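Each remark here refers to the structure printed beneath this line.
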Amino acid sequence: MAELNEIYNTKLLELAAHMPRSERLTTPDASVTAHSRLCGSTVTIDLSLRDGVVADYGQTVKACLLGQAACAIVGAHIVGASAAEVRAAAADMRAMLKENGPAPGGRFAELSVLEPVRHYKARHGSVLLVFDALEQAIDEIEQANGASAGSDAASASA
């Protein structure tokens, strides 16, 4: 099992100290707050998608060091990611933590610094909060775009 000092390391402290994209967006396509009842961490994200790609992102993070580190990594790499890339990173993070799977690759490969957390189930929720919020935001945006695309088609045929 990983030692606590392996989890709470200097790299995570540096990530948390330099939280990127910590300003809220003025006109996001979706805003979502995710909260962990177990540890009390809260993450609020603002997301703007253009043609299925993250165009802008903002976040407010009130979380433990591990949750802050996950948010910092996501915030540093998310703009330009497709919705599919974000969902794949979320699935990879869950598999890494819960099923001993490999760390996410590609633009989110830096999340591998959180691999030692897999041995501490009580910390999984905080690390995954940003992904819970992102997936909900993407779903909301896609549903709204699907609904508006459907109403646009109905308007055009009327």
Along each principal axis, Cα extent of segment 1-82, largest first, Å: 43, 26, 22
Quick check: pseudo-label points 7 Å beyond the Cα along Cα→Cβ at Gln143 and Ala122, how many nm apart are they? 3.4 nm
Please list Tyr8, Tyr120, Tyr57 from largest to smallest accessible area, probe radius 1.4 Å, with all protein chains kept in place. Tyr8, Tyr120, Tyr57
Accessible area, probe 1.4 Å, largest first, for residues His35, His18, His119, His124: His18, His35, His119, His124
Across segment 39-53, in residue order, what do the Karplus-derived ³J(HN,Hα) couplings come to in whole Hz, using 6.51 cos²θ - 1.76 cosθ + 1.60 with θ = phi - 60° and x for Gly and Pro? 10, x, 5, 9, 10, 10, 10, 10, 9, 10, 10, 10, 6, x, 10
With at most 16 neighbouring Cβ atoms within 10 Å, loop GluC sites (Glu not before Pro) (DSSP) excluded, longest segment of the chain: 24-158
With every protein chain left in place, what is the accessible area per residue of the chain in square angstrom, probe 1.4 Å? 49 Å²
Using modelled amide H (1.01 Å from N, peptide plane; none on Pro or chain starts), what sits under 5 Å from the amide H of Asp56, excluding residues fewer than 5 places away? Ser48
Segment 23-119, dipole about Cα centre (Lys/Arg Cβ +1, Asp/Glu Cβ -1), debye to the nearest 20: 320 debye
Express the carbon and sulfur contribution to the solvent-accessible surface of the chain as a percent, rounded to the nearest whole number, probe 1.4 angstrom. 51 percent
As a test question: what accessible area, to the nearest 10 Å², does Thr10 have when a 1.4 Å probe is rolled over all protein chains in place? 90 Å²
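I need the Kirkwood Rh of segment 34-74: take the reciprocal of the average 1/r across all distinct C-alpha pairs and report it in angstrom. Write out the running numbers ahead of the final one.
Numbers: mean 1/r = 0.0900 Å⁻¹.
Final number for the Kirkwood radius of segment 34-74 is 11.1 Å.
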Would you indicate which of (i) 16.6, 65; (ii) 24.1, 72; (iii) 16.4, 51 is the value of Rg and Dmax of the Cα atoms in Å derived from the coordinates of this structure? (i)
Could you derive backbone 3J(HN,Hα) for segment 54-64 from the dihedral phi with the Karplus parameters 6.51, -1.76 and 1.60 (θ = phi - 60°), listing whole Hz in sequence and x where the residue is Gly or Pro? 5, 8, 7, 7, x, 8, 10, 10, 10, 9, 5
Among Gly106, Gly80, Gly125, the residue with the largest mean-square fluctuation in a Gaussian network model of the chain built from Cα contacts under 10 Å is Gly106
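Relative contact order of segment 1-129, please, whole-number percent, based on alpha carbon pairs below 8 angstrom and at least 6 residues apart.
Once normalised by length, the contact order is 26 percent.
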Report the local net charge at Ala55: Lys and Arg +1, Asp and Glu -1, summed over other residues whose C-beta lies under 12 Å from its C-beta. -3
Whole-Hz couplings from phi, Karplus 6.51/-1.76/1.60, listed for segment 129-145; x for Gly and Pro: 3, 4, 6, 4, 5, 5, 5, 5, 5, 4, 4, 4, 5, 5, 5, 5, 5
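The values are calculated or read from the model by the stated rules, or taken from the named source; none is laboratory data. It should be emphasised that the depicted structure is a prediction, and the values quoted were computed from it without experimental measurement. Ideal geometry is used to build each Cβ from the backbone, glycine not excepted, and the neighbour counts take in all protein chains shown. Each accessible area value is taken on the protein alone, full model and side chains, heavy atoms only, with ligands, DNA and RNA left out. Shrake-Rupley method; radii C 1.70, N 1.55, O 1.52, S 1.80 Å.
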